[in-house]
Every structure is written in C-alpha cells, then in structure tokens.
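First the structure, in the form of structure tokens, and then the observations on it.
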Amino acid sequence: MALKIDHIDARIIMELQEDASQSQRDLADKIGLSQNACWRRIKQLQEDGVLKGQTARIDRELLGRGLVVFAMIRTRNHSAEWLKKFRSHVTSISDITDFYRIGGDYDYMLKIVTRDMKSYDEVYQRLIEKLDLENVTSYFTMEAILENRAIPIR
C-alpha cells in the first residue's frame, strides 16, 4: 500500500534524490519551509520508511569499475530453503549491486558492476560454484545512457 504524501513531502524527496548532502537550511529554502518544519518532515519520512539512509553516486569509471553486466538466471529449484541459500550466496558477492526476482523467461536478474571481463568471470565462477542453476545468460553493457535516475514522485 502506497503512503500518501503531500506536494511538500514530494518536493523534499525529489530534492534529496538529487543531492542528499545539501544542508537542511538550503533544502528548507528551496522548499519554502522553516528549517525546523523541514527537519520534522524529513524525520517523519524516515520514520515512515520512505527515506532509507543516504548514498553517494560515484563515477564507476574513475574507480575502475567500468563493466556493467546484467545476468539473467533460470533455476530448476524454487523451494523456500533453496531460495534462502541462493539469496545468501548472491548477497555475499560484493560485485553484485542489484538482485531481483522477476517474471518471464528467467527467474532472477542480477546487476554486476566490476572491473573487466576477467573480474566478471571470477564473479560468475563464484556464483555457480555452490548452486545448481539451470541457465545463466549475461548481457554486457556498452554505454550507460540513463543510470541512477531519481524516482518520480507524483
């Protein structure tokens, strides 16, 4: 069930998605609130679970993480016990940055951010070493056209 938010909370969320490092004073000025009112709204959004911490966007290339791979996984096993083991194994591999259970021809999709093809192969080998997977199909990106876009609040 979606939480109902007003237009002021929506503006706060959009601003924080663009730059969560800005001061509360600057944010309050942009929104047209007092600093205290802005702080109270941010605290409420945190308590409601809308705001979940702060992260920094980084330049992957500058940090030597230029290869992005989307791995599509199909499995024969769908038991709760297997899924628990699979989730634990996948989340233990730090190069896997996003992990989704999906519908369609595949069961799971992973986003892997790594240095190069050799590094990807190391991730792949780790991924398949402990689990019986029916199929792993990987798609290698050539260019990030749109990445880390803010979630629209309407």
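Which of the residues that make up the range 111-133 are of a type in the set (A, V, I, L, M, F, W, C) and assigned to a helix (DSSP H, G or I)?
Correct list: MET117, VAL123, LEU127, ILE128.
Every residue in the range 78-107 that is charged (D, E, K, R) and either closer than 22 Å to SER119 by Cβ or part of a helix (DSSP H, G or I) (or both), please.
Residues of the range 78-107 charged (D, E, K, R): 81, 84-85, 87, 95, 98, 101, 105, 107.
Result: GLU81, LYS84, LYS85, ARG87, ASP95, ASP98.
Check the range 68-84 and report whether any residue there is farther than 22 Å from GLU134 by Cα and not acidic (Asp, Glu). Within the range 68-84, one or more residues are farther than 22 Å from GLU134 by Cα and not acidic (Asp, Glu).
Determine, yes or no, whether SER23 is over 25 Å from the mean Cα position of the chain (by Cα) and among the small types (Gly, Ala, Ser). The answer is no for SER23.
In this structure, ASP98 qualifies as among the charged types (D, E, K, R), surrounded by fewer than 14 Cβ atoms within 10 Å (Cβ to Cβ) and touching a strand residue (DSSP E or B) at 6+ places or on another chain (Cβ under 7 Å).
Of everything in the range 134-147 that is touching a residue at least 24 places away in the same chain (Cβ under 8 Å) and in a loop (DSSP other than H, G, I, E, B), the residue that is most open to solvent (accessible area, probe 1.4 Å) is GLU134. Checking every residue in the range 43-52 against the condition of being farther than 22 Å from ARG149 by Cα, part of a helix (DSSP H, G or I), of a type in the set (Lys, Arg) and over 19 Å from the mean Cα position of the chain (by Cα) gives at least one match.
Check whether at least one residue in the range 17-25 is open to solvent by 30 Å² or more (accessible area, probe 1.4 Å), closer than 17 Å to VAL136 by Cβ and among the small types (Gly, Ala, Ser), and report yes or no. Checked against the condition, which is being open to solvent by 30 Å² or more (accessible area, probe 1.4 Å), closer than 17 Å to VAL136 by Cβ and among the small types (Gly, Ala, Ser), the range 17-25 yields no hits at all.
Among the residues of the range 4-13, is there at least one that is without any contact (Cβ under 8 Å) to a residue 24 or more places away in the chain, on the phi > 0 side of the Ramachandran plot and in a loop (DSSP other than H, G, I, E, B)? No, the conditions are met nowhere in the range 4-13. Of the candidates LEU33, LEU131, LEU67, LEU110, the single residue that is in contact (Cβ under 8 Å) with a residue 12 or more places away in the chain, under 30 Å from ILE5 (Cβ atoms), surrounded by 14 or more Cβ atoms within 10 Å (Cβ to Cβ) and out of contact with any Pro (no Cβ under 6 Å at 6 or more places or on another chain) is LEU33.
The values are calculated or read from the model by the stated rules, or taken from the named source; none is laboratory data. What you see is a predicted model; the values in this text were computed from it and never measured. Don't worry about glycine lacking a Cβ; one is built from the backbone with ideal geometry, like all the others, and counts go over all protein chains shown. Side chains included, ligands, DNA and RNA excluded: accessible areas come from the protein's heavy atoms. Shrake-Rupley method; radii C 1.70, N 1.55, O 1.52, S 1.80 Å.
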